[in-house]
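Since the structure comes first, as structure tokens, the remarks are kept for the end.
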Amino acid sequence: MKIQKISKQQLKKIIKENKNTSRYWKNKEISGLYVIKEDNKPIGLLSSRNKKDSYFINMIEIFDKNKGYGQKAIEEIKKMTPKDIKGIPVTEAEPFWLKVGAQFDKSIYFTIKKQKEN
Ligand SMILES: CC(C)(COP(=O)(O)OP(=O)(O)OC[C@H]1O[C@@H](n2cnc3c(N)ncnc32)[C@H](O)[C@@H]1OP(=O)(O)O)[C@@H](O)C(=O)NCCC(=O)NCCS
């Protein structure tokens, strides 16, 4: 699996080729865009940004769901940053975030903590 930075132009093409992508990606203010590829084929999209204390996922979407790509993508994102990974979980995806080790506290965010090295 590979996660590569893309432009808005490249995003347009991916949306065209994958008809079931959500409305989210059509937002004009979208930034921090990445394509998630498996065997060099786009299988999902990521919008994220580097914050001071965390790597923040604005949105992640896998086109062909429930095949394990989502979990694989999170493993790949962990390699991209030394920081904790944070995001705002939508209700439907809560079981997914729990599955990939996210913790929910009293804030609106979830956190996937970096394992402490010993
Ligand atoms: C959330 C999402 C990225 C997960 O990617 P995925 O490739 O479908 O997830 P995986 O195949 O790796 O599934 C991981 C686990 O999460 C669970 N899961 C995923 N989506 C779920 C759902 N909607 N409801 C319940 N459980 C779900 C599955 O039980 C699966 O566990 P299993 O392997 O024991 O069956 C994907 O479903 C998606 O694009 N959803 C729409 C966009 C979205 O909600 N993004 C998150 C924004 S916060």
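Consider the stretch 79-93 and keep the residues that are in a helix (DSSP H, G or I) and near the ligand (Cβ under 6 Å from one of its atoms). The one that is surrounded by the most Cβ atoms within 10 Å (Cβ to Cβ) is A93. Restricting I36, I6 to those that are closer than 22 Å to K114 by Cα and aliphatic (A, V, I, L, M) reduces the list to I36. Taking the criterion of being in contact (Cβ under 8 Å) with a residue 40 or more places away in the chain and farther than 22 Å from K37 by Cα, would at least one residue in the stretch 53-65 satisfy it? Within the stretch 53-65, one or more residues are in contact (Cβ under 8 Å) with a residue 40 or more places away in the chain and farther than 22 Å from K37 by Cα. Taking the numbered list (1) more than 9 Å from the ligand (Cβ to nearest atom); (2) exposed (fewer than 13 other Cβ atoms within 10 Å of the Cβ); (3) not hydroxyl-bearing (S, T, Y) in turn, K37 passes all entries but (2).
I need the full set of residues from the stretch 40-77 which are in a strand (DSSP E or B), more than 11 Å from the ligand (Cβ to nearest atom) and either among the β-branched types (V, I, T) or touching a strand residue (DSSP E or B) at 6+ places or on another chain (Cβ under 9 Å) (or both), in order please. Hits for the stretch 40-77 are P42, S48, R49, N50, S54, Y55, F56.
Coordinate-derived values only; no laboratory data. Everything quoted here is computed from the prediction, not taken from an experiment. Don't worry about glycine lacking a Cβ; one is built from the backbone with ideal geometry, like all the others, and counts go over all protein chains shown.
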